[in-house]
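First comes the structure, then the notes that go with it.
Bear in mind that the values in this text are calculations on the coordinates, not laboratory data. Note that this is a predicted model, so its numbers are computed, not measured. Glycine also receives a Cβ, built like all others from the backbone with ideal geometry; neighbour counts cover every protein chain displayed.
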4 protein chains.
Amino acid sequence: MIKVGIVGGTGYTGVELLRLLASHPQARVTAVTSRKEAGMQVAEMFPSLRGHIDLAFSTPEQAKLSACDIVFFATPNGIAMHEARELLQAGVRVIDLAADFRIRDVAEWEKWYAMQHAAPELLEDAVYGLPELNRARIRDAKLVANPGCYPTAVQLGLLPLLEAGVIDCSHIIADCKSGVSGAGRKAELGSLLAEAGDNFKAYGVAGHRHLPEIRQGLRSMAGEAVGLTFVPHLTPLIRGIHATLYARLTKDCDLQGLFETRYAQEQFVDVLPAGSHPETRSVRGANTCRLAVHRPQGSDTVVVLSVIDNLVKGAAGQAIQNMNLMFGLDEKSGLNQVPLLP
Amino acid sequence: MIKVGIVGGTGYTGVELLRLLASHPQARVTAVTSRKEAGMQVAEMFPSLRGHIDLAFSTPEQAKLSACDIVFFATPNGIAMHEARELLQAGVRVIDLAADFRIRDVAEWEKWYAMQHAAPELLEDAVYGLPELNRARIRDAKLVANPGCYPTAVQLGLLPLLEAGVIDCSHIIADCKSGVSGAGRKAELGSLLAEAGDNFKAYGVAGHRHLPEIRQGLRSMAGEAVGLTFVPHLTPLIRGIHATLYARLTKDCDLQGLFETRYAQEQFVDVLPAGSHPETRSVRGANTCRLAVHRPQGSDTVVVLSVIDNLVKGAAGQAIQNMNLMFGLDEKSGLNQVPLLP
Amino acid sequence: MIKVGIVGGTGYTGVELLRLLASHPQARVTAVTSRKEAGMQVAEMFPSLRGHIDLAFSTPEQAKLSACDIVFFATPNGIAMHEARELLQAGVRVIDLAADFRIRDVAEWEKWYAMQHAAPELLEDAVYGLPELNRARIRDAKLVANPGCYPTAVQLGLLPLLEAGVIDCSHIIADCKSGVSGAGRKAELGSLLAEAGDNFKAYGVAGHRHLPEIRQGLRSMAGEAVGLTFVPHLTPLIRGIHATLYARLTKDCDLQGLFETRYAQEQFVDVLPAGSHPETRSVRGANTCRLAVHRPQGSDTVVVLSVIDNLVKGAAGQAIQNMNLMFGLDEKSGLNQVPLLP
Amino acid sequence: MIKVGIVGGTGYTGVELLRLLASHPQARVTAVTSRKEAGMQVAEMFPSLRGHIDLAFSTPEQAKLSACDIVFFATPNGIAMHEARELLQAGVRVIDLAADFRIRDVAEWEKWYAMQHAAPELLEDAVYGLPELNRARIRDAKLVANPGCYPTAVQLGLLPLLEAGVIDCSHIIADCKSGVSGAGRKAELGSLLAEAGDNFKAYGVAGHRHLPEIRQGLRSMAGEAVGLTFVPHLTPLIRGIHATLYARLTKDCDLQGLFETRYAQEQFVDVLPAGSHPETRSVRGANTCRLAVHRPQGSDTVVVLSVIDNLVKGAAGQAIQNMNLMFGLDEKSGLNQVPLLP
């Protein structure tokens, strides 16, 4: 059994890691840290875990994380970069679910995240944990930067088009909609049910932190710089991201075939039949990205619809998928949940 | 007092007309028809109207619509075209909230609405009821085709750009999100709370009936054919439309100034300060369209955010605005509701 | 025009006062205070008020509240008791929408609100602002304690039964359900859409601050002590309270007639026909309480269903109703909103 | 592997059976019938099942249900009573998730369900499938009547009190709140998001079909007739039932200890610590009932809070629990899902 530590277990990605790992046949959570809640039973804070997780939160000091095989950071941005080095030196593998190791260009990272990077020397060996793009490198990684939720939905939706070189890379549009759990388990006015409920709005149009991450990923797929307009929206649902992607075709091609072929071997990417409209609830609670590709009215505009559960394929589930790869397990191990519908 | 008749008072646009007209100082509803519910008190079906509307549904025969000054059709598509002629001949003005008179090209209309048009001869004199575009013609109109909800949000968002000729008209994208009341008060599986709640999806990507209507409007603003990709989405809110519009700038210009100038005299279009993100709830229950214009990251892509309440500015409120114009009243008469927030 | 001041204009009761007063024909808001937001336009914080309220938040010092005719406290508990005396001495009438003057027994108040009362000498003349019970006294009041939201729904539901003396007062049950706006515009984890959405729970079963307020009111109606079990629940809607009330009949009587007679002259209490089930949305945005009374299966248990909009009849609307009474205006002045449905 | 047939696979209990059985280690669904959808892939109708269920709907004739070991009826009321006899005679066990075999008194059943019972002779041997009450009889049953959702939540909440004989049975109140999936996957106006969303109401106060079922169960626990007032409410959530139960204590007792002792061996009933308030989301997707027992303000009224997922412990999950018992499997087999939170 793989011994798993979780740093920061009181947020939504933390409790989602606990939910998924509770039924993982080859991994066992041995420590969950929270300075603030140290001593409290995890299942007291999250009654949904009663009978499934019999652990108390501990301080990082008590947790003996260096005795773990792997540590997940389910912390705010800027924590893992301070603590990863010591763990890596102790032979512990690390997956950061925050943004600390996602951007290769330190200056770019520091601009968007408004802090100094504490471990730029680790960036070189950090692997961006999108298995559908980087599977081989993830297998050998010691340190994985787990992708953001929007970046996962957008990159999986554009990957076949960019690899095939069939779209104009200078004008790509990603119109994205997210449920409120994407904002984290934080007491903020804008996330109240009385504010975000029965309401719809865009935010961050001038610039969102996931923009440089997506741009870096698309550039690596395209082999050239891309021009991307990314507009995130907040929609009144709890879980789920829907990315609607627009690009101009530069070559005629069998779009449906292109997507099906690219993802034929992928267990967590599901290309729907031509003409489909994936729903966020069709992946609720599961580590699946469902895609549909359209060419409305026969024009030269391609439209890709991409849905994920932001807490699973967009966070905790993808992290476990990465762990499975790093430890040579079946990639689906512990990730066979059937989506909850309705 | 203007005597108002409403044909089809049991749907959402019907009850919304009743809500708004209940406090209109210069109009009084004298008849509401519903074959199915004839004899039932309107306020028995809609208890929200108890104390405000003291009328029973009547059959069209009982209703003596020809004694009204104006008749609103809050009916499904394909009804008004059968009944408008007779009313017009009797000197009654008509506003159709459905689609029968929106498209000038009969063949196009018949293709999208899959039925034969029953009154093509009326199309010539029918006026498309978007006051911000057609105010003068509406004043003199006998028959007004009230715009669709998506078309209202999209056209108001693009109007300044198209009139000023500053965007590439061949590739415009309208990514639109609607609350479920847009589907009407109809018992359909896809509109159930257990289906549409906590869920987000696109629909009709291959082609939606509002596409030709929007295209016709944009063409008239631009003076040339436009290439439009229109993707509607269903979002789990009750009222509200959010249109996110993308186009490529062909000329540098002061976008904020352009919008503010164009709408300076408009009482129902509110251009928000630069950098804003309008929320659908900020117009809930009111006849207002709020707009914001962005140029993210200084690129050549302009992004317009446009919100309306689909039942008010997208339907019943706009119909009353048109009525006010047709009868020489203050355009705001009866339309001064403050949005309900939260 | 009555000059109105609002202390604490950034919460939900504050913005609701602004919404309703914006169209009050005999009152005008001249000052809205917020220490934290002083200087900011009210409509910048609440874009729904753009075009309706042209005022900036001011500090209490700048606000010159003593020049107002009436001041509403839309503040947390424990504020009005410090500031009311000075205003009253300056001849300004005061309505507190919080709890400072609701409980006549100081010791009881101090126990439930966990602070020392700063103005016990004002309690004698403070009038509990439930017009259906206290209309005459409110007309002459200088200081009105506006009832809580739960207490309004429960007391209006039980009033006819208690006045008529037809139920066993020793075992009354009030099972109440509230939308989340009842918790106020405060950044709290439990009120997040991701926590309170798609979820239902009871809270405060051991004791809720509205319990002594309701008990005091019921006692005064019954003329004897009452035994009350009050269980509040949080339900995933934004506005609305539904109280389901249970009591044992001690005398046979015409329940429907009893309710209709008691409320025949009341403009804001609507007794529905026998067999009805009032919906919270039927009063959304309006100052109405709708009631239905049942005697299921002919047993000796009476069930009353009572709905209000917690922000209107349960707070700001009732406060304006009280203001109307205090200034000799038509009780409905400014309160004729039609509920928003759907 | 147990061969499972499902009659009526297109409703919410049907798709929930499929979700849960997809990962049951000792059972395999071999047939799913739907006359209307025969020939369509199950996963085409429910994309959430793509990759988990590789079956098409079949007609009852094609389905060869008599070759199954067990058949679940996930049909409307009145279907199973026509088809169960033939299956039982073929040696197939039957679990009806509808109401056909729940009420022992045929006349009572016919009154509430407004049809003639087609198989009264089967009632004698039908076992009411509430394992916490009837485990031994379920093990030997050929025909199980799976309890309704409200009855499950109410009976589990009252069982310890009635068995211990500590409450007044003549006046019990069950104030119940249900999510909309309880109404089934049917196109009905009242279940629309635009109708049931942001709304709360009671329904069926005069009498609901679950009343006789609950009354029958409580009577068997109490050993005497009970007086029950049952008021169901519709709340805007998708899954979940919250029952708030009130009764008068006739003997002093350790309520917390009583509940903990009664359910100490039960794997699907979780008694929360004293003072708790169970949330519906804490059981979302899982076969668990969570309970808390209160005695507010030290009065003689006991309040029990009981939550279940209406589609799992209130329907499909309990049915599988019953199947496990009937086939001598571990009662938890295939039912170890961790609730989905948030």
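For the pair C:Glu121 and D:Asp300, a Förster radius of 30 Å applied to the C-beta separation gives a FRET efficiency near 0.20, rounded to the nearest 0.05.
In loop segments of region A:187-237 as defined by DSSP, there are no trypsin sites (Lys or Arg not before Pro) with at most 16 further C-beta atoms inside 10 Å of their C-beta. Projected onto planes of every orientation and averaged, the convex hull of the alpha-carbon atoms in chain C covers 16.9 nm². Each residue, B:Met40 and B:Ala225, gets one label point 7 Å from its Cα in the Cβ direction; the gap between the two is 4.8 nm. Per-residue packing, averaged as other Cβ atoms within 10 Å, sorts the ranges C:41-50, B:266-275 into the order C:41-50, B:266-275, beginning with the highest.
Net charge of the neighbourhood of C:Ala99, taken over other residues with C-beta under 12 Å away and scored Lys/Arg +1, Asp/Glu -1, is -3.
Under the combined filter of DSSP loop state and at most 14 neighbouring Cβ atoms within 10 Å, region B:95-133 retains these GluC sites (Glu not before Pro): B:Glu124. The Rg/Rh ratio for region A:186-238, using Cα coordinates for both the radius of gyration and the Kirkwood hydrodynamic radius, is 1.13. To the nearest 10 degrees, how steeply does helix D:80-89 sit against the main Cα axis of chain D, on a 0 to 90 scale? It is inclined by approximately 70 degrees. Each label point was placed 7 Å from the Cα along the Cα-to-Cβ direction; for C:Gln89 and B:Thr59 their separation is 7.5 nm. Pairwise alpha-carbon distances in region C:2-125 exceed 19 Å for 47% of all pairs. In terms of its alpha-carbon gyration tensor, region D:188-284 comes out oblate; a/c meets the 1.5 threshold, while b/c is at least as large as a/b. Peptide B:280-286 shows a mean partner chain C-beta count of 6 within 10 Å per residue C-beta. Among A:Arg104, A:Arg35, A:Arg239, the largest mean-square fluctuation in a Gaussian network model of chain A (Cα springs under 10 Å) belongs to A:Arg35. Dipole check for the protein assembly as shown: with +1 at the C-beta of Lys and Arg, -1 at the C-beta of Asp and Glu, and the Cα centre as origin, the magnitude is about 0 Debye.
Comparing C:Gln116, C:Pro25, C:Ala153 along the charge dipole axis of chain C, the residue lying farthest to the positive side is C:Pro25, per the Cβ-charge model. Note on B:Lys186: lysines with a C-alpha under 17 Å away, same-chain residues under 8 apart excluded, are B:Lys36, D:Lys186. Checking the a/c ratio against 1.5 first, then a/b against b/c, what shape does the Cα gyration tensor give for the protein assembly as shown? Rounded, since a/c falls under 1.5. Can you give the calculated 222 nm mean residue ellipticity of the protein assembly as shown, where each DSSP H run of n ≥ 4 adds -39,500 (n - 2.57) and the sum is split over every residue, rounded to the nearest 500 deg cm²/dmol? Using -39500 (n - 2.57) per qualifying helix, the result is -8000 deg cm²/dmol. Note on chain A: GNM, Cα springs under 10 Å; of A:Tyr203, A:Tyr113, A:Tyr263, the largest mean-square fluctuation is that of A:Tyr203.
Taking Cα atoms only, the orientation of helix A:210-222 departs from the longest principal axis of chain A by about 60 degrees.
Taking label points 7 Å from Cα along the Cα-to-Cβ direction, B:Tyr203 and B:Arg104 give a separation of 3.1 nm. Taken as Cα centroids, region A:264-342 and region C:263-303 sit 48 Å apart, rounded to the nearest whole angstrom. Each copy carries a label point for C:Glu108 at 7 Å from Cα along the beta-carbon vector; from one copy to the others these points are 4.3, 6.7, 7.1 nm apart, nearest first. Between copies, the label points of C:Ala38, set 7 Å from Cα on the Cα→Cβ line, lie 4.2, 6.7, 7.9 nm apart, reported in increasing order to one decimal in nanometres.
For the options B:Gly157, B:Gly129, B:Gly190, a Gaussian network treatment of chain B with springs between C-alpha atoms closer than 10 Å singles out B:Gly190 as fluctuating the most. For region C:138-227, a/c is not less than 1.5, where a ≥ b ≥ c are the root eigenvalues of the C-alpha gyration tensor, and a/b does not top b/c. That puts it in the oblate class.
Each copy carries a label point for D:Gly328 at 7 Å from Cα toward Cβ; from one copy, the others' points are 4.1, 9.1, 9.4 nm away, ordered from shortest.
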